[in-house]
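Trainee: Sharing a structure below in structure tokens format, with a few things to ask.
The values are calculated or read from the model by the stated rules, or taken from the named source; none is laboratory data. All values derive from a computational prediction rather than experimental measurement. Cβ atoms come from the backbone with ideal geometry, glycine included; neighbour counts cover every protein chain shown. These accessible areas exclude ligands, DNA and RNA; they are computed on the full protein's heavy atoms, side chains included. Shrake-Rupley method; radii C 1.70, N 1.55, O 1.52, S 1.80 Å.
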Amino acid sequence: MDASEKSVQKTHRARHSGPKAEKKKSKNKHEQDLTARQRNPKAFAIQSVNKAAKAFRRTADIKTKKQHIPKVDRTPVEPPPIVVAIVGPPKVGKSTLLRCLVKNFTKQKITGIQGPVTVVAGKNRRITFIECNNDINCMIDVGKIADLALLMVDAKQGFEMEIFEFFNICQATGFPRCMGVLNHLDMYKDGKTVRKRKKHLKNRFEVELYKGARLFYLSMLVNGEYLPNEVHNLCRFISVMKIVPLTWRASHPYIFADRMEDITNPEDIRQNPKCDRTVSMYGYVRGTHIKTKSMVHMAGCGDYVIKNMTFLPDPCPTPTMEKRRSLNVKERVIYAPMSGVGGIVYDKDAVYIDMGTKTAPEQEKPSGMVAALMESLKPVDEKVRESQISIFKGGPAISGEDFERKRHEEKSDDDDEEEEDEGSNDSGMEAESSEDEESEIEEMDGPVKKKRKVVQDPESEGSSDSENGPNDWDDDEDGGGTSDQENDSDEETSNLKWKKDLFQKAAMKHSARINYTKMVYGEDVADVAAEEEDESDDDLGGLFKVLKKARGDGSQQDKHVINKKDCNHLQSDGVVDLEQLSEDIRDTFVTGKWDASEDAKARLDEDDALYGDFEDLETGEKHVAGDEGEGYKSDDDTGNAGEDSEKELDQEEEQPEEKVKTKAEMSAQERRLAKKRKIKEMFDKEYDSKGDDQFYDSWKAEMDEQAKLNRSEFEEMPEDQRVQYEGFRPGMYVRVEFEQMPCELIENFDATYPVILGGMTNVEEKLGFVNVRVKKHRWYNKILKSRNPLILSLGWRRFQTIPYYYKLEDNMRQRMLKYTPEHMHCNAVFWGPITPQGTGFLAVESVSEKTPNFRIAATGVVLELDQSVEVEKKLKLVGHPKKVFKKSAFIENMFTSSLEVAKFQGARIQTVSGLRGQVKKALSSPAGAFRATFEDKIRMSDTVFLKAWVKVEIPRFIMPVTSLLLSQESKQAWLGMRTVGQLRHERGIPVPQKGDSLYKPIVRPQRENKPLVIPKHLKMRLPFKDMPKELQEPKQPKRVAVVLEPAEAKVANFMKRVKAIYKDKRQKEHHIMRKRVQEHKKKIASQEAVKQEKLKEAKKRLHKILGDMKKKKESGDSNR
């Protein structure tokens, strides 16, 4: 072999993956005994105390943020559909989005949607969609029941007022999950503008909700629908979103009605069209359990008591099927009865099936014998009856009618033959019915083709053998014609009248039968017999048998039937395990196997293992735990022996089982070590710290245990009996019946407005004074005034009441406020329904105004409930003295009667000058006058004031907002009590004005200061420094007027002119000098600039020379 060939050969490369590599790794596998911290402790040592503390705080913060207060999980096994509300201003695309969402889930295109639409969104999730109108009443009601709100926003318009109003409604009533949907993005032609607009709106959306709020984008419309991919993404988020129940909804039951029917007697309506109605409503129970005969509030209608309540089959059930990635097309269910969509509608006494109106496809026209049969006027069976046949030549002819009559007479002789022939065809054509035709029934109702499953009783089959089994067959063919039984049904009814109402007669006889089995053997055996009879009689209309789901644990249940009171009713399947049966019989005796908690021997072994050897200090006797034959095993080994998996059993069979030493085989040292180990484990279990999460984990485990207990308490109980104990649980579809409902509810019913039945506790049914903390909304442009009617949304109710605002002062006095303060909270009290403390509410002044302004007037929370409220206001009474004495006076014009004086007797009064006094006693005349005492003598011109606090009487007024009873045109124009200002404005009445309240111009007369006059006797006693000095002004020398001579006056006049000329000359010279100085300064500045420039150039040359010299010097040093 050449050297070149050797170089071409590749070296062996060991496999790093695959079965061979795994096999080698398993052979050389080394189990590390030490942990990473034990192997390298320095790597885990604290390098910096501050960094370690910061890391510890960060870890603790993250851990604490994930923790929430544990609550008992009351979520039902099959929860009700989640409510998804589509909210937004008008003309924004809410209806289009609803149609697209429904089409995505159901693959059906629905045009006219009214009311709620329930669809199946997944294997365990259903969704109820509802569109919210641009009505404040509808927005408030939808905000109370919505689990998820889709906020439609027009990208061109931005966030409109309805979105902000809905935010504030949700903040007051409980915030659901919210997602924004941005559409009309195709109005922007530039991509950069679209991105900027998206970013701006997303930031604003996060400011209103929270950081990271989800905002979806619908780019454009195609054929009146949004893009399927964008709608599909939105539906995926809706389907997987986790809904957290709110506090109010989790503690109160409510029903969102999706169907309503008027079941009033038509005769009563005919006699009186305005009579009260009996109404039944349908919907899913939500929140918590609700019981019949309880009080509910229908939002927009009033409070009513439930007359009757029953549960119905779920019209939109979740698919019970094996795990798949998506739903099958047949399992995409939709239920929207208000929109006329939905296959089956269940009622208390009927089932309504929507057959639909589909046009059958055109088929080819038949020809030949089939065409001749179709063109014949009479059907085949009538022709057979009319035809005659003679068996022998020349013999009598027998017609079909004679043959049928003779056959009927033969059947009436024998009862047994009558029952056998009852299930067969009576047309006399038995030869046409074969075994296959008996199992398959093909029916066709009009042009619609339907498939029906027929279940036959095995007893009625006889000895028929079929490959598909004896129980059920499916008709998979699409077409089908009418059978002979349907064609001759008229003649059968005339000939066989004795068969009429056989099913009802048999049921009446069966119901009147006495159950002797229950009387003799007890309820257990009777229930088994009843189940067998139900299985034989459980059919629909006597034609179809209901398939019942076989129980998976039937063998285990049948095994315990032997323990019943009557063993003769044991139904055996023919295969009995004798060994297992003998073990069960042996286990019932004392010699059988006992549980560990009941076996005395096992309990003693546990005590020995726990306490070990001990010595009696009084007698000195030593007790040794355990016998020679007993093994020393721990409780964990014995407890988990039966829970080993098959893999562990195989490993135990392969490996030799190690023998556990008994306590007698142990040495003394081993026994002492085992005893110490036990004691240390008990000490550690009790005293060692298990981390900061021990309390939280135990609390959470306790809540989980309570939730399991709640589910398992009534789980095995029948539905009828369970409903009587716990009520109708959430998730059940119920029918609620009401009496004495107003007829306007039916006549003016609008499916677009939600009908909510909110359950109430016993306390919430009562009325009383409610104290709340309220704050006027900063976006509302008017302040709120006491005694003005206000519409509140509190709990399930919407009602109008008259609040009084007050402020709690330091001395706990509740001082009335005439107006609400700006940017501050205040308290309020009103007469309304008793509501639990901490419940939020919102207030609007009117629900009928269509204004572009913000409509939410105030928000607040309930503080406490009190039947008596002491709200006080200031009272300032004014009086004047009638007669004045030394330290007393008679006051009048303050009160109107002696009774008022007696009420304020002992009150404190005060004059304008500040003299304090007290009310003493009323005078006989005039009425309302009284005697008062003061600190000092008052004057007749004084005015006397009495400052007091008087209790304000809260008006007991409440009026529910009955918006559902109004007509379609006036549903948004509900008017309750109006304010005094509105009444004056409508009637043109001017506001009355008091003369004292009018503003007047302030006229202040000028004050004259009089000189100070000191009496002479007082002036003489004053010290000299305080004595007023009456100083005389010094006398000024008097000037004498000088009269000049004409010559002197001429000279003086000349000098005056010369001085004026000189002064003018000096001024001109000064101006010339200032001008010359400015020019000189400019010249000097220019010269200085030139000089600085030359100096700068010289410095540059100098520094350049110095730099060159430095470089030469450095280069010379480097050469050396």
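Trainee: Out of the residues in the range 983-1038 meeting the condition of being part of a helix (DSSP H, G or I) and under 56 Å from the mean Cα position of the chain (by Cα), tell me which one is farthest from residue 788 (Cα to Cα).
Mentor: The extreme case among them is 996.
Trainee: Additional query: Any idea which of (1) loosely packed, with under 11 Cβ neighbours inside 10 Å; (2) not in a loop (DSSP other than H, G, I, E, B) is the one residue 946 doesn't satisfy?
Mentor: Only one criterion is unmet by residue 946, namely (1).
Trainee: Then there is this: Among residues belonging to the range 228-267 that are of a type in the set (A, V, I, L, M, F, W, C) and closer than 20 Å to residue 729 by Cβ, point out the one that is most open to solvent (accessible area, probe 1.4 Å).
Mentor: Across the range 228-267, the extreme among qualifying residues is 244.
Trainee: Moving on to the next point. Can you pull out every residue in the range 798-816 that is in a loop (DSSP other than H, G, I, E, B) and without any contact (Cβ under 8 Å) to a residue 24 or more places away in the chain?
Mentor: Across the range 798-816, the qualifying residues are 809, 810, 811, 812.
Trainee: On the given criteria, is residue 771 closer than 28 Å to residue 870 by Cα and either small (Gly, Ala, Ser) or out of contact with any helix residue (DSSP H, G or I) (no Cβ under 6 Å at 6 or more places or on another chain) (or both)?
Mentor: Against the criterion (closer than 28 Å to residue 870 by Cα and either small (Gly, Ala, Ser) or out of contact with any helix residue (DSSP H, G or I) (no Cβ under 6 Å at 6 or more places or on another chain) (or both)), residue 771 qualifies.
Trainee: Looking at 1058, 1042, can you tell me which residue is open to solvent by less than 100 Å² (accessible area, probe 1.4 Å), over 30 Å from residue 980 (Cβ atoms) and of a type in the set (Val, Ile, Thr)?
Mentor: None of the other options fit; the residue is 1058.
Trainee: All but one of (1) closer than 26 Å to residue 697 by Cβ; (2) more than 38 Å from the chain's Cα centre (by Cα); (3) among the basic types (Lys, Arg) hold for residue 42; state the number of the condition that does not hold.
Mentor: That leaves (1) as the condition not met.
Trainee: Another question, then. So residue 824 fits all but one of (1) over 15 Å from residue 862 (Cβ atoms); (2) not in a loop (DSSP other than H, G, I, E, B); what number is the exception?
Mentor: Every listed condition holds for residue 824 apart from (2).
Trainee: Hey, any hits in the range 960-969 for a residue that's modelled with pLDDT of 90 or more and either closer than 25 Å to residue 871 by Cβ or exposed (fewer than 13 other Cβ atoms within 10 Å of the Cβ) (or both)?
Mentor: Within the range 960-969, one or more residues are modelled with pLDDT of 90 or more and either closer than 25 Å to residue 871 by Cβ or exposed (fewer than 13 other Cβ atoms within 10 Å of the Cβ) (or both).
Trainee: Here is a follow-up. Is the range 754-762 home to any residue that is more than 22 Å from residue 815 (Cα to Cα), part of a strand (DSSP E or B) and touching an Asp or Glu at 6+ places or on another chain (Cβ under 6 Å)?
Mentor: yes
Yes or no, residue by residue, for (1) among the aromatic types (Phe, Trp, Tyr); (2) crowded, with 16+ Cβ neighbours inside 10 Å; (3) within 17 Å of residue 148 (Cα to Cα):
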| position | (1), (2), (3) |
| --- | --- |
| 61 | no, no, no |
| 65 | no, no, no |
| 70 | no, yes, no |
| 74 | no, yes, no |
| 80 | no, yes, yes |
| 89 | no, yes, no |
| 93 | no, yes, no |
| 101 | no, yes, yes |
| 111 | no, no, no |
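Trainee: Right, another one. Report whether or not residue 191 is modelled with pLDDT under 90, touching a Ser or Thr at 6+ places or on another chain (Cβ under 7 Å) and surrounded by fewer than 19 Cβ atoms within 10 Å (Cβ to Cβ).
Mentor: no
Trainee: I would also like to ask the following. Test residue 175 against the stated conditions and say whether it is open to solvent by 20 Å² or more (accessible area, probe 1.4 Å), among the hydrophobic types (A, V, I, L, M, F, W, C) and either over 26 Å from residue 79 (Cα atoms) or out of contact with any His (no Cβ under 8 Å at 6 or more places or on another chain) (or both).
Mentor: When the stated conditions are applied, residue 175 passes them.
Trainee: Now for a different question. Scan the range 882-908 for residues that are more than 15 Å from residue 927 (Cβ to Cβ) and either among the small types (Gly, Ala, Ser) or at pLDDT 95 or above (or both) and jot them down.
Mentor: 888, 889, 906, 907
Trainee: With the checklist (1) open to solvent by 10 Å² or more (accessible area, probe 1.4 Å); (2) at pLDDT 90 or above in hand, flag the one item residue 124 doesn't pass.
Mentor: (2)
Trainee: Consider residue 864 carefully, then state whether it is open to solvent by 80 Å² or more (accessible area, probe 1.4 Å), in a strand (DSSP E or B) and on the phi < 0 side of the Ramachandran plot.
Mentor: Judged against the criteria, residue 864 is a match.
Trainee: Tally up the residues in the range 881-913 that are among the hydroxyl-bearing types (Ser, Thr, Tyr), over 15 Å from residue 934 (Cα atoms) and open to solvent by less than 80 Å² (accessible area, probe 1.4 Å), please.
Mentor: 2
Trainee: Scan the range 731-744 for residues that are closer than 14 Å to residue 257 by Cα and not acidic (Asp, Glu) and jot them down.
Mentor: Passing the criteria: 731, 732, 733, 734, 735, 736, 738.
Trainee: Here's something else I'd like to know. Looking at (1) in a loop (DSSP other than H, G, I, E, B); (2) over 30 Å from residue 903 (Cβ atoms); (3) open to solvent by less than 60 Å² (accessible area, probe 1.4 Å), find the lone condition where residue 938 falls short.
Mentor: Residue 938 satisfies all of (1) in a loop (DSSP other than H, G, I, E, B); (2) over 30 Å from residue 903 (Cβ atoms); (3) open to solvent by less than 60 Å² (accessible area, probe 1.4 Å) except (2).
Trainee: Take the range 201-227 and flag every residue that is open to solvent by 90 Å² or more (accessible area, probe 1.4 Å) and either of a type in the set (Gly, Ala, Ser) or under 30 Å from residue 244 (Cβ atoms) (or both).
Mentor: If the condition is that a residue be open to solvent by 90 Å² or more (accessible area, probe 1.4 Å) and either of a type in the set (Gly, Ala, Ser) or under 30 Å from residue 244 (Cβ atoms) (or both), then 207, 210, 211, 214 are the ones that fit.
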